[in-house]
Structures are given as structure tokens and as C-alpha cells.
Amino acid sequence: MSTLYTVHPSPLGDLLLAGPEPGVLASVTVPGQKGGARVLPDWRRDDAAFAEAVRQFDAYFAGELKEFDLTLATRGSEFRERVWAALERVPLGSTVTYGELTVMAGLQARSARAVGGAVGANPLTVVRPCHRVIGTSGALTGYAGGLERKRWLLTHEGVL
């Protein structure tokens, strides 16, 4: 079965939403995202397949949604899945450092660099809020979608 996808306009640019079946989201990518998904020849556009995701994105960008409630289907190593699960626990309106996220994931402090790599490999930008992870100094550091988008998202969420 081919991957289904749709493209939806947002303040961050056109979001590419993709997944293995209707209602199941495996990736969200912004234009120019480092390591982001791209439409492949065997993918099939199906705008109705992600109607609920589109509704929730619209509500989020309108300031009406605080937490996404979608069926997700990502594949990562056990380590990445652990980090991604910790990311999902970072609430809207807050930030954590890479070190704090490492602790949240139940990992040892020496894993912080690897945690950064897992955060950077997050296939569900915005939904799994990797933009809420900041440097120890409070600086906005690395974001696959670009620091200007990270700044926009944190401003939108009332952090900046």
C-alpha cells in the first residue's frame, strides 16, 4: 500500500501530512525542513484522509487547541521512541532543555547529545513539540524547520 498525503497551508508554510492509512499520521513536514519527508512517486494524494489532522492544525494555529489528539504511526529505534514520548509530555506554554528532556525520558545525563539527535529526527513537527526544547542557556538552538519557525511557534504558544 502506498503512503497517503495531503498538503495544508499554515503560518509555517504548506504542511506535508503523510501516513499509511486514512487518519493515521506518520509525518508532518514544513517546507525546507532538514531531513523532512518529501512526496515520493508511489505516494497518493488524499485530502480527505487527514481531515481530522487538518481540523486540529487549524484550531492550533487559531489558538484554540492546546494538545493534539491524533493517531500516530512513527517508526524509530527504542531510544528515539522513548525521547519522542518524553517530548509529547512537554505542555504548551513551556520549554525544557535537552538535559531536562533527557531526565524526562529516564536516560542518563551522558545521553543528552543523543537525545538532541532524536529530537532532530522527530518526524512529527508541531504535533510532537520538538520546538519546545531549548539550550541550557535558554537560547533557541537547532530546529529542523528553521529557527525562525521555532521562534514563531514559541511566540504563538506564549513562551516568547
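Some points to look at:
- Stretchable slack from residue 141 to residue 64, in nm (0.36 nm times residue separation minus alpha-carbon distance): 25.0 nm
- From the coordinates shown, Kirkwood radius over Cα pairs in Å corresponds to which of [x] 16.0; [y] 18.7; [z] 16.8: [x]
- Shape category assigned to region 78-157 from the gyration tensor of Cα positions, a/c cut at 1.5: prolate
- Loop GluC sites (Glu not before Pro), region 19-81, which have at most 12 other Cβ atoms in a 10 Å radius of their Cβ (DSSP): 64, 67
- Remark on region 4-62: Rg and Dmax equal 10.8, 33 Å (Cα only).
- Region 148-154 - phi-based ³J(HN,Hα) in whole Hz, Karplus 6.51/-1.76/1.60, Gly and Pro as x: 5, 6, 4, 4, 4, 4, 5
- Taking amide H atoms as placed 1.01 Å from N in the peptide plane, the amide H of residue 15 lies under 5 Å from those of 8, 10, each 5 or more residues away in sequence or on another chain.
- For region 59-109, the list of trypsin sites (Lys or Arg not before Pro) that fall in a loop by DSSP and count at most 15 other C-beta atoms within 10 angstrom reads 66, 75, 89.
- Per residue accessible area in Å² of the chain, where ligands, DNA and RNA are left out and the probe is 1.4 Å: 51
- The chain - percent of accessible surface contributed by carbon and sulfur, probe 1.4 Å: 52
The values are calculated or read from the model by the stated rules, or taken from the named source; none is laboratory data. Nothing here was measured: the structure is a model prediction, and the numbers come from that model. Cβ sites come from the backbone with ideal geometry, for glycine too, and all protein chains shown count toward neighbours. We work out accessible area using only protein heavy atoms, side chains counted, and drop any ligands, DNA or RNA first. Shrake-Rupley method; radii C 1.70, N 1.55, O 1.52, S 1.80 Å.
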